[in-house]
Amino acid sequence: MTYKSVKGTKDLLPKDTAAWLHVERVIREVMDAYRYGEIRTPAFEDTAVFARGIGEETDIVGKEMYTFTDKGGSSLTLRPEMTAPVIRAFIQHSMGEQTSINKLYYIGPMFRQERPQAGRFRQFHQFGFECIGQQSPVCDAEIIMMAAEIYRRLGIRFTLKINSVGDPTCRPQYRAALQEFLRDVHDDLSPESQRRAETNPMRVLDSKDPRDRELTAGAPEILDYLSDECRDHFHATLALLDAMGIAYEVDPRLVRGLDYYTMTAFEFVSADLGSQDALGGGGRYDGLVSQLGGKDTPAVGFAAGLERLLMVMDKNGYTFPEQSPRVYLVGMDENSRAWAFQQAVSLRRSGVSVELDYAERSVKAQMREANRLGARYVVLAGEAEMQTSTAQVKDMQEGTQESVEFERLAEYFIQVPQSSDTMENS
Ligand code: AMP
């Protein structure tokens with residue numbers, strides 16, 4: 001009997017995690033620059049956090065959650081997304097009372113029981129950020145800028161689609177107008193859209209069914225129904241993006257079909273992905289904190305998939321910094337092997353990445369291995385070198401060789417320029 005990872009999940013091996021770590025590092029650099037702090041919440045929550053936080057109506061809550069009853073009889077759910085847990089933690093720790101703005105980010109695994117396909121997994125990873133406490137369009141624009149900056153640094157081209165979904169003062173009028181429009185085409189809509197026309201008509205505009213899209217082509221548009229406040233907020237957000245040179249497409253069909261979403265809704269899509277082309281999306285959710293039992297608090301956020309981002313980078317042929325060892329220490333005889341082991345420990349203590357032989361292979365085989373691993377330097381110390389406490393250091397890139405005293409080795413490898421070791425993306 002052999003075992004395999006569960007359908008829709010993936011092992012990330014060292015050859016994969018090198019790219020992941022690089023991407024995570026870039027995300028953290030951008031987060032530091034914008035002064036967002038990392039939040040880590042548990043992988044599972046009370047089911048109610050999601051049922052109430054995401055909404056019973058959604059596909060996620062309706063059919064995709066990994067929900068189970070634990071031995072104590074509690075209904076728990078593996079997190080399918082992070083906004084609801086972040087807001088749960090925000091309320092639980094009274095974070096809104098300590099400061100008027102909380103800027104939080106996360107990176108971690110999410111779980112949804114979706115049908116696996118290219119770009120869609122059952123355990124996948126998201127990074128995201130939430131700006132909680134202010135309604136200023138500066139927050140909306142900043143969230144979008146951060147996402148764009150991460151994609152820019154990773155060489156990912158994207159299309160940004162943006163819309164405003166109004167707020168509880170203006171959306172009911174739009175909803176009524178849309179429902180009236182949908183009544184005329186109702187019988188020809190897909191069964192899913194027929195159902196949504198009653199429960200959540202804005203989601204009908206989201207339908208991927210070509211016939212639905214045709215039928216709703218002339219549907220009323222939310223932008224014609226926005227209150228003055230929502231319109232001003234939308235235009236102010238767009239003006240900030242214009243000022244920063246961020247291109248966008250206003251897409252009046254882009255809706256986030258939940259009641260707590262307000263004003264800004266946006267999505268980043270990539271032409272380098274197949275049918276699952278959404279890189280990430282977000283929006284303002286001024287109603288969520290109170291919905292989860294906290295004080296009325298405005299907030300805006302973004303969430304994106306890491307697998308899809310890496311798929312695009314892979315397709316673009318992005319070159320990740322190499323993971324080669326800097327130094328390979330060759331053991332030549334028993335004495336030299338013992339020395340190599342000690343020297344390796346000492347160099348590693350100084351922060352130099354060192355590889356050595358574990359299999360008592362011949363010098364020739366070790367040289368071959370050093371080459372295969374792409375080590376920049378090979379260090380050899382045989383009997384004669386032991387006598388003089390001096391090693392032979394071969395620069396594999398330059399093809400040169402020089403003698404370096406044992407005690408100067410650490411200093412030597414730290415001093416020699418590192419830049420040519422890694423391939424940079426221009
Ligand atoms: P959502 O929370 O559904 O808006 O998803 C945000 C982003 O997470 C999407 O744009 C995708 O990039 C990613 N994502 C969502 N679901 C999956 C999944 N099942 N597998 C891989 N990535 C996903």
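Rule-based calculations on the coordinates, nothing more; no lab input. Note that this is a predicted model, so its numbers are computed, not measured. Cβ atoms come from the backbone with ideal geometry, glycine included; neighbour counts cover every protein chain shown.
Select from the stretch 279-313 those trypsin sites (Lys or Arg not before Pro) which occupy a DSSP coil region and have at most 12 other Cβ atoms within 10 Å, ordered by residue number.
Taking the stretch 279-313 and a limit of 12 other Cβ atoms within 10 Å, the loop trypsin sites (Lys or Arg not before Pro) found are 295.
Less than 15 Å Cβ to Cβ from residue 390, Lys/Arg counted +1 and Asp/Glu -1: what total charge do the surrounding residues give?
Taking every Cβ under 15 Å from that of residue 390, the sum is -4.
If you add up the charges near residue 336, with Lys and Arg at +1 and Asp and Glu at -1, over every other residue whose beta carbon is less than 9 angstrom from its beta carbon, what do you get?
Value of the local net charge: -3.
Specify whether the C-alpha gyration tensor of the stretch 13-163 places it in the rounded, prolate or oblate class, a ≥ b ≥ c being the square roots of the eigenvalues: rounded for a/c under 1.5, otherwise prolate if a/b is larger than b/c and oblate if not.
oblate
Only counting other Cβ atoms within 10 Å, I'd like 2, 319, 99, 237 sorted with the fewest neighbours first.
Ascending Cβ contact count within 10 Å gives the list 2, 99, 319, 237.
Within the stretch 30-71, list the trypsin sites (Lys or Arg not before Pro) lying in a DSSP loop whose Cβ has at most 13 other Cβ atoms in a 10 Å radius.
Answer in residue order: 35, 40, 71.
Only helical DSSP H runs with n ≥ 4 go in: add -39500 (n - 2.57) per run for the chain, normalise by residue count and round the 222 nm mean residue ellipticity to 500 deg cm²/dmol.
The helix contribution divided over the chain gives -11000 deg cm²/dmol.
Order of 77, 67 from fewest to most other C-beta atoms within 10 Å?
Lowest to highest Cβ neighbour count: 67, 77.
Let me make sure I get this right: for the chain, a, b and c are the square roots of the gyration tensor eigenvalues over alpha carbons, sorted descending. Under 1.5 in a/c it's rounded, otherwise prolate if a/b > b/c, else oblate. Which is it?
prolate
Can you list residues from other chains, or at least 5 along the same chain, whose modelled amide H is less than 5 Å from the amide H of residue 391?
Long-range HN contacts for residue 391: 404, 405, 406.
How big is the equivalent ellipsoid of the stretch 233-382 along its three axes, where each semi-axis is √(5λ) from the Cα gyration tensor, reported in whole Å from largest to smallest?
Those come to 56, 19, 14 Å.
Please tell me the relative contact order of the chain in percent, rounded to the nearest whole number, where contacts are Cα pairs under 8 Å and at least six residues apart.
Relative contact order for the chain comes out at 14 percent.
Just list whichever of 63/208; 10/71; 364/394; 15/208; 7/63; 103/315 have alpha carbons separated by over 25 Å in the model shown.
Check vs 25 Å cut-off fails for 10/71; 15/208; 103/315.
Over 21 Å, how big is the tail of the calculated P(r) for the stretch 55-133, in percent of all Cα pairs?
Summing the P(r) of the stretch 55-133 above 21 Å gives 41 percent of all pairs.
Which value results for Rg/Rh of the stretch 1-63 when Rg is the Cα radius of gyration and Rh the Kirkwood radius based on the inverse mean 1/r?
Answer for the stretch 1-63: 1.11.
Please report, in whole Å³, the volume per residue of the convex hull around the C-alpha atoms of the stretch 300-426.
165 Å³
In terms of the Cα gyration tensor, with a ≥ b ≥ c the square roots of its eigenvalues, is the stretch 137-282 rounded because a/c is under 1.5, prolate because a/b exceeds b/c, or oblate?
Cα axes put the stretch 137-282 in the oblate bin.
Which whole-number percent gives the relative contact order of the stretch 300-396, counting Cα pairs below 8 Å spaced six or more residues apart?
This gives 31 percent for the stretch 300-396.
Would you order 232, 206 from fewest to most other beta-carbon atoms within 10 Å of each residue's own beta-carbon?
Listing 232, 206 from fewest to most nearby Cβ atoms yields 232, 206.
Residue 287: net charge of surrounding residues, Cβ under 13 Å, Lys/Arg +1, Asp/Glu -1, itself excluded?
+1
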